[in-house]
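Peer 1: Quick one: the structure is below, questions incoming.
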Amino acid sequence: MQNLVELRNVSVTYSNGVDALNDVSIKIKDGEFVFVVGKSGAGKSTFIRLLLKEIEPTKGRLQVNGFNLTKMKKRNAYRLRRTIGCVFQDFKLIESMNVYDNVAFVLRCIDASNKYIRNRVPYVIDLVGLKDKAYCKPSELSGGEKQRAAIARALVNDPQLIIADEPTGNLDSKTSQDVLGLLKITSQKFSQTMVMITHNEEIAQLADRIIRIEDGRIVTRSGE
């Protein structure tokens, strides 16, 4: 399997002098279900921002989904982001839109055909178990349902890579297990690479591999 994500000796030092990542090297293969685990301030958010090309490394090289991010110009970052689906702790659903339109919004942004949208959106909404909630606004959904809608939005463009940033942080224990199970199933169904960021060691047991970050450094890479 090819490496879908690769960081080589990457360091990030912010303008205030904080060393967020220190000489980090990571390889994540196509189809892997990987947890990146660490306490608050360990460097997890910086890692995500690098993968999305929101920030640049101070040194080192990185590649994501076949894109050389070290050489990519900032104005072309949208090309990379179209190949990545994101699931966030706070859902980031558009409150004025129902579930269907929240999911369809991703495809409309890339000028997908109306026919494709009509076929694809109901499919992924049904896949995450929200068929009966397709025309509900986020305010009418439970926390677990909101996260399922966010997962549908992440899946709809059939991305190579899904990044889930603390996706269970606002959910109770049972709902968290349901959401994690759904992410595991869908990543397997579509042979997608899943990178899940969490501070919760307990939920990481579903992973193919666990990467632990501490004070900006990789301390363990279990499962390699």
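Peer 1: Give the accessible surface of the stretch 160-199 per residue, rounded to a whole number of Å², with probe radius 1.4 Å and ligands, DNA and RNA excluded.
Peer 2: 39 Å²
Peer 1: Next question. Given a 1.4 angstrom probe, what's the average accessible area per residue across the stretch 23-77, in square angstrom?
Peer 2: 47 Å²
Peer 1: Something else: Once label points are set 7 Å from the Cα along Cα→Cβ at both Glu201 and Arg118, what is their separation, rounded to one decimal in nm?
Peer 2: My value for the distance between the label points is 5.3 nm.
Peer 1: Please work out how much accessible surface Ser142 shows to a 1.4 Å probe, ignoring ligands, DNA and RNA, in Å² rounded to 10.
Peer 2: 60 Å²
Peer 1: Calculate the dipole size of the stretch 172-220 relative to its Cα centre from +1 charges on Lys and Arg beta carbons and -1 charges on Asp and Glu beta carbons; express the result in debye to the nearest 20.
Peer 2: Dipole of the stretch 172-220, to the nearest 20 debye: 240 debye.
Peer 1: Output the antiparallel fraction of DSSP beta bridges having both residues in the chain, as a percent to the nearest 5.
Peer 2: Roughly 50 percent of the beta bridges in the chain run antiparallel, per DSSP.
Peer 1: Of [x] 9; [y] 15; [z] 19, which one was derived for percent of Cα pairs over 33 Å apart from the structure shown?
Peer 2: [y]
Peer 1: Okay, moving on. Please list the non-local residues whose amide H lies under 5 Å from the amide H of Leu4, H modeled 1.01 Å from N, same-chain partners needing a gap of 5 or more.
Peer 2: Close amide H contacts, sequence-distant or interchain: Ile28, Lys29, Asp30.
Peer 1: Charges on Cβ only, +1 for Lys and Arg, -1 for Asp and Glu, centred on the Cα centroid of the stretch 113-224; of Ser173, Gln192, Thr220, which one is farthest towards the dipole's positive end?
Peer 2: It is Gln192, whose Cα lies furthest towards the positive end.
Peer 1: Can you spot the lysines whose alpha carbon is less than 27 Å from Lys184's alpha carbon? Ignore those fewer than 8 places along the same chain.
Peer 2: Within reach: Lys27, Lys29, Lys39, Lys44, Lys53, Lys92, Lys131, Lys133, Lys137, Lys146, Lys174.
Peer 1: Sum up the charges of everything whose Cβ sits under 13 Å from the Cβ of Asn119, counting Lys and Arg as +1 and Asp and Glu as -1, but leave Asn119 out.
Peer 2: Every neighbour counted, the sum reads +1.
Peer 1: Just the number, please: carbon plus sulfur as a percent of the accessible area of the chain, 1.4 Å probe, no ligands or DNA/RNA counted.
Peer 2: 45 percent
Peer 1: Please give the direction-averaged projected area of the C-alpha convex hull for the stretch 127-189, in square nanometres with one decimal.
Peer 2: Taking a quarter of the hull surface, the average projection is 4.4 nm².
Peer 1: Next question, about the same structure. Over the alpha carbons of the stretch 1-132, what is the largest minus smallest coordinate on each principal axis, giving the biggest first in Å?
Peer 2: Computed over the stretch 1-132, the largest-to-smallest principal extents equal 48, 30, 29 Å.
Peer 1: Charges at C-beta only: +1 for Lys and Arg, -1 for Asp and Glu. How large is the resulting dipole of the chain about its Cα centre, in Debye rounded to 20?
Peer 2: Charge dipole of the chain: 940 debye, to the nearest 20.
Peer 1: A follow-up question, please. Quick check: pseudo-label points 7 Å beyond the Cα along Cα→Cβ at Glu56 and Ser40, how many nm apart are they?
Peer 2: 3.2 nm
Peer 1: When the Cα centres of the stretch 146-212 and the stretch 11-46 are compared, how far apart do they sit, in Å?
Peer 2: The stretch 146-212 and the stretch 11-46 have Cα centres spaced 18 Å from each other.
Peer 1: Here's a follow-up. Could you run the Debye sum over the Cα atoms of the stretch 88-152, one equal point scatterer each and no solvent, and tell me log10 of I(q)/I(0) at q = 0.17, 0.24 Å⁻¹, two decimals?
Peer 2: Results for the stretch 88-152 at q = 0.17, 0.24 Å⁻¹ read -0.51, -0.99.
Peer 1: Continuing with this model, one more query. Which peptide among 168-180, 113-125, 97-109 comes first, and what is the full order, when sorted by highest mean count of other Cβ atoms within 10 Å?
Peer 2: With the highest mean Cβ count within 10 Å placed first, the list reads 97-109, 168-180, 113-125.
Peer 1: Okay, next question. Given Leu93, Gln147, Asn114, which one lies farthest toward the positive end of the charge dipole of the stretch 85-157, if we put +1 on the Cβ of every Lys and Arg and -1 on the Cβ of every Asp and Glu?
Peer 2: My answer, from the dipole projection, is Asn114.
Peer 1: Quick one: which residues, 5+ away or cross-chain, put their amide H under 5 Å from the amide H of Val87? H built at 1.01 Å from N.
Peer 2: Residues meeting the criterion, in which the H sits 1.01 Å from N, are Ile163, Ala164, Asp165.
Peer 1: So if R0 is 35 Å, what FRET efficiency would Asp111 and Asp208 give, r being the distance between their Cβ atoms, rounded to the nearest 0.05?
Peer 2: Step by step, r from the Cβ atoms, then E = 0.50.
Peer 1: Next question, about the same structure. Determine the calculated [θ] at 222 nm for the chain from helices alone, applying -39500 (n - 2.57) to every DSSP H run no shorter than 4 residues and normalising by the residue count; nearest 500 deg cm²/dmol.
Peer 2: Roughly -9500 deg cm²/dmol at 222 nm, from the helical runs in the chain.
The values are calculated or read from the model by the stated rules, or taken from the named source; none is laboratory data. Just so you know, these numbers come straight off a predicted model, no measurement behind them. Don't worry about glycine lacking a Cβ; one is built from the backbone with ideal geometry, like all the others, and counts go over all protein chains shown. Side chains are part of the model used for accessible areas, which takes the heavy atoms of the whole protein and leaves out ligands, DNA and RNA. Shrake-Rupley method; radii C 1.70, N 1.55, O 1.52, S 1.80 Å.
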